[in-house]
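Participant: One structure is given below, represented as structure tokens, and several questions about it will come after.
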């Protein structure tokens with residue numbers, strides 16, 4: 001039965017990612033906006049739905065370890081695993097005119113999260129911290145949004161075309177969380193049967209399961225050459241995980257933060273350094289396969305460390 005859940009989850013993730021990438025690309029063309037913007041907004045919110053669902057359930061049950069472990073693990077896997085795997089598959093073109101601003105804001109969000117946690121005793125995210133993070137979420141939406149002036153004729157044509165793309169987008173968004181949920185269930189059953197710790201299950205099994213939509217979507221986008229959409233999906237999802245998902249979770253229940261997760265915050269902060277170095281210090285406009293391979297290998301090392309600790 002567990003194997004059947006796993007296969008079903010894989011199929012839902014694959015087809016959900018396929019529908020999401022296809023419809024998102026169509027929406028971007030219809031609205032005459034870049035695929036990076038679509039990736040930063042529509043796609044990243046859609047692929048972050050599993051984190052929202054898992055964290056709301058965990059918050060209602062006051063499972064702080066699952067709440068914080070899921071987000072830290074998801075952002076680490078988004079950056080190291082997904083950027084690494086996607087870059088190995090296809091060189092990731094970096095749109096420097098846009099991504100620099102979003103990258104700086106992501107670093108700002110990490111700083112806000114760390115200060116919110118360590119400014120309190122005991123370490124926790126309170127409801128006030130949750131409100132602050134949600135304010136950051138709305139600012140992120142404002143930051144990503146670029147209005148476009150359209151003619152009346154173009155808007156009419158777009159409306160007709162969007163009627164075909166939007167339902168496909170909704171179907172893709174619905175299939176991704178369902179597929180991730182089925183994979184999480186099967187992973188948890190396996191992990192519990194092996195006697196693994198809650199922190200490992202949260203940081204690896206649950207986090208990887210909720211990151212599968214981002215992984216599948218980014219891999220499909222990279223395979224099709226839509227690297228802007230893939231990059232926007234990853235950076236946008238990381239920002240929304242910290243601001244929206246943790247913000248909602250803290251409003252439901254204060255999130256207690258155990259000191260064992262300090263190293264994971266450090267890893268999450270360090271994981272973005274390769275992107276920053278390429279973007280700010282080199283003239284490269286893409287991730288080399290060697291750098292992507294290094295990031296992928298770093299994720300394997302991190303997974304081994306949280307397994308043995």
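The values are calculated or read from the model by the stated rules, or taken from the named source; none is laboratory data. Note that the structure is predicted; figures quoted are calculated from it, not measured. Neighbour counts run over all protein chains shown; Cβ positions are idealised from the backbone, glycine included.
Participant: Condition first: without any contact (Cβ under 8 Å) to a residue 40 or more places away in the chain and surrounded by fewer than 21 Cβ atoms within 10 Å (Cβ to Cβ). Now tell me which residues in region 116-131 satisfy that.
Facilitator: Answer for region 116-131, where residues must be without any contact (Cβ under 8 Å) to a residue 40 or more places away in the chain and surrounded by fewer than 21 Cβ atoms within 10 Å (Cβ to Cβ): 118, 119, 120, 121, 128.
Participant: Just one of the numbered conditions (1) surrounded by fewer than 18 Cβ atoms within 10 Å (Cβ to Cβ); (2) modelled with pLDDT under 90 is not true of residue 270; which one?
Facilitator: (2) is the only condition that residue 270 fails.
Participant: When you look at residue 113, is it touching a residue at least 24 places away in the same chain (Cβ under 8 Å) and closer than 15 Å to residue 232 by Cβ, yes or no?
Facilitator: Details: touching a residue at least 24 places away in the same chain (Cβ under 8 Å): yes; closer than 15 Å to residue 232 by Cβ: no.
Answer is no for this residue.
Participant: Somewhere in region 215-226, is a residue closer than 17 Å to residue 115 by Cα and within 13 Å of the chain's Cα centre (by Cα)?
Facilitator: Restricting attention to region 215-226, the residues satisfying the condition of being closer than 17 Å to residue 115 by Cα are none.
Checked region 215-226: no residue is closer than 17 Å to residue 115 by Cα and within 13 Å of the chain's Cα centre (by Cα).
Participant: Can you tell me which residues in region 41-58 are closer than 24 Å to residue 129 by Cβ and crowded, with 23+ Cβ neighbours inside 10 Å?
Facilitator: 44, 48, 50, 51, 54, 55, 58
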